[in-house]
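The next block holds one structure in the form of structure tokens; read it before the comments.
The numbers here are math on the coordinates, done by the rules we state, and not lab data. The model shown is predicted, which means the values in this text are computed figures rather than measured ones. Every residue, glycine among them, receives a Cβ derived from its backbone with ideal geometry; neighbour counts consider all protein chains shown.
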Amino acid sequence: MNVSGRAKGQKKIGIMGGTFDPIHFGHLLAAEESRTVLELDEVIFIPAGDPAHKRERKTASPEDRYVMTLLTTLGNPKFTPSRIEIDRKEPSHTVDTLREMRHWYAPEKVTFFFITGLDAVLGITSWKEYEALPGLCRMVAVNRPGYSPRKLENLPAEIRQAIIPLEIPLLSISSTEIRQRIEERRSIKYLLPEAVEQYIYKKELYRKKLEV
Ligand code: ATP
Ligand code: MG
């Protein structure tokens, strides 16, 4: 074991899951801070295929969300996009994705760090088979405006022990706010990468169709 808590030959892989509808600088900052502070070898970005809990609202297609993720990760050699969830027919669940990824990597060689914002991790007890998660990964809880890390204390002890709270610069950016701005024809500059902004406009995503 060396200073960073890594056994020889061990890889540390971050997993950034999300709807990414669209992906924005809040996601990127969470991933990059986790990568540098926890000395992760890479971060894999996994756009959700069929976000079961978000079916009601106007979304971009899984393929468009994947392309935006791909465009975003191009500039960072340590970031990789993955199609694992969007290529799956059934709704995405973190536990299934982690189990599938476990098949590709020898357990003694890789530790997964599942990166989430506080808002997401505080609702973890509603996730499918959440009790199994500590056996599959460590969880990184980055702070997000409006959510107190102290709330982590309310989670069951087995889960809490698997969570690494990580303080990052607070960015008050959400995909919901970006979609709303687009609908209202307001600027989204400096909230997300320029390539993603251009892609959104080119494909006319999140725009209410004008009545004719
Ligand atoms: P929506 O408003 O549609 O829910 P979102 O901005 O919350 O979108 P998600 O795709 O739901 O983005 O989030 C993916 C992950 O990234 C979640 O774990 C979420 O907590 C985290 N995250 C999103 N935005 C931020 C942010 N600004 N700071 C820190 N973490 C964030
Ligand atoms: Mg969200």
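Can you sort His24, His93 from fewest to most other Cβ atoms within 10 Å of each residue's own Cβ? Intermediate values should be presented prior to the final figure.
On the way: His24 23, His93 17.
By the 10 Å Cβ count, ascending: His93, His24.
Net charge near Phe112, counting Lys/Arg +1 and Asp/Glu -1 over other residues with Cβ under 12 Å of its Cβ?
The answer is +3.
Across region 95-102, coupling constants 3J(HN,Hα) worked out from phi with the 6.51/-1.76/1.60 Karplus curve, θ = phi - 60°, read 4, 5, 5, 5, 5, 5, 5, 4 Hz, and Gly and Pro carry x. Other residues whose C-beta falls under 12 angstrom from the C-beta of Tyr66 contribute a net charge of -3, scoring Lys and Arg +1 and Asp and Glu -1. For region 133-143, the Karplus equation 6.51 cos²θ - 1.76 cosθ + 1.60, evaluated at θ = phi - 60°, returns couplings of 4, x, x, 10, 7, 8, 10, 9, 9, 8, 6 Hz by residue, with Gly and Pro reported as x. Taking the longest Cα principal axis of the chain as reference, the axis of helix 62-73 is set at about 70 degrees.
When the GluC sites (Glu not before Pro) in region 126-210 are filtered for DSSP coil states and for at most 16 other beta-carbon atoms within 10 Å of their beta-carbon, the remaining sites are Glu129, Glu167, Glu184, Glu204. In this structure, Lys208 and Lys151 have a Cβ-Cβ separation that, at R0 = 25 Å, corresponds to a calculated FRET efficiency of about 0.10. Based on every Cα atom in region 11-203, Rg and the maximum pairwise Cα distance Dmax equal 16.1, 50 Å. Evaluating 6.51 cos²θ - 1.76 cosθ + 1.60 at θ = phi - 60° for every residue in region 25-41, the Karplus couplings come out as 5, x, 5, 5, 5, 4, 5, 5, 5, 4, 4, 6, 5, 8, 6, 7, 6 Hz, glycine and proline recorded as x.
Cross-link partners for Lys189 among the aspartates and glutamates, with Cα-Cα distance under 20 Å and sequence neighbours closer than 8 places in the same chain left out: Asp21, Asp64, Glu177, Glu197, Glu204.
Within the shell of other residues whose beta carbon sits under 13 angstrom from the beta carbon of Lys202, the net charge comes to -2, with Lys and Arg scored +1 and Asp and Glu -1.
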